[in-house]
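Enquirer: Quick one: the structure is below, questions incoming.
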Amino acid sequence: MSVRASAMQDRLRKIVHVTSVHRPFDVRIFEKQCKSLAADGLEVVLVATTDHDAERDGVSIVALKARRGRWSRMTLTAFEAFRHAWRQRGDVTQIHDPELLPWALILRMLGRTVVYDMHENVPKDILDKTWLPALLKRPVVWSMRVVERL
């Protein structure tokens, strides 16, 4: 274990990763982050959409119910992810999806440490979303920039 990892482990015991979009064994989240932290001796929980809770490579996986449709995922699944993240009581909660940002703000207001792992330029990507009406794109981009900064 590196000196840096050892110092981190002295302060942190449990890391909770939360995604409502990515599969539980996503290379970036599970392989590169969760497994590495678990190998350094931290308790790692991954909250993700899957059909059952599991344990793999030292990582506890907490299942989110799979839902059909973008709006259900962005609302119901995001709220369920927030509830699981709250119950896990991690020293750090790391979110991976923009629809979790409002819930991340609530976690922060409740005293939790939250990290947003931004995988892409979401405000720019919104302009390319064909499912979002053109009149809403600019206000949504502005809103997303504000929420990301918070």
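Enquirer: Mind checking whether some residue in segment 108-126 is surrounded by fewer than 18 Cβ atoms within 10 Å (Cβ to Cβ), among the β-branched types (Val, Ile, Thr), part of a loop (DSSP other than H, G, I, E, B) and touching a Pro at 6+ places or on another chain (Cβ under 9 Å)?
Expert: no
Enquirer: Still on this model: Just wondering, is there one or more residues in segment 98-109 that are at pLDDT 95 or above, more than 22 Å from ARG145 (Cα to Cα) and of a type in the set (A, V, I, L, M)?
Expert: no
Enquirer: Right, ALA81: in contact (Cβ under 8 Å) with a residue 12 or more places away in the chain, over 14 Å from the mean Cα position of the chain (by Cα) and in a helix (DSSP H, G or I) or not?
Expert: no
To keep it simple, each residue is scored yes or no on (1) closer than 28 Å to SER143 by Cα; (2) of a type outside the set (A, V, I, L, M).
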| position | (1), (2) |
| --- | --- |
| VAL21 | yes, no |
| PRO24 | no, yes |
| LEU37 | no, no |
| GLU43 | no, yes |
| VAL62 | no, no |
| ARG70 | yes, yes |
| LEU110 | yes, no |
| TYR116 | yes, yes |
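Enquirer: Something else now. Is it the case that GLU55 is more than 14 Å from the chain's Cα centre (by Cα) and within 25 Å of LYS35 (Cα to Cα)?
Expert: Values: more than 14 Å from the chain's Cα centre (by Cα): yes; within 25 Å of LYS35 (Cα to Cα): yes.
For GLU55, the condition - more than 14 Å from the chain's Cα centre (by Cα) and within 25 Å of LYS35 (Cα to Cα) - is met.
The values are calculated or read from the model by the stated rules, or taken from the named source; none is laboratory data. Predicted model, so just to flag it, every value in this text is computed and none were measured. All Cβ positions, even for glycine, are placed from backbone atoms using ideal geometry, and neighbour counts span all protein chains on display.
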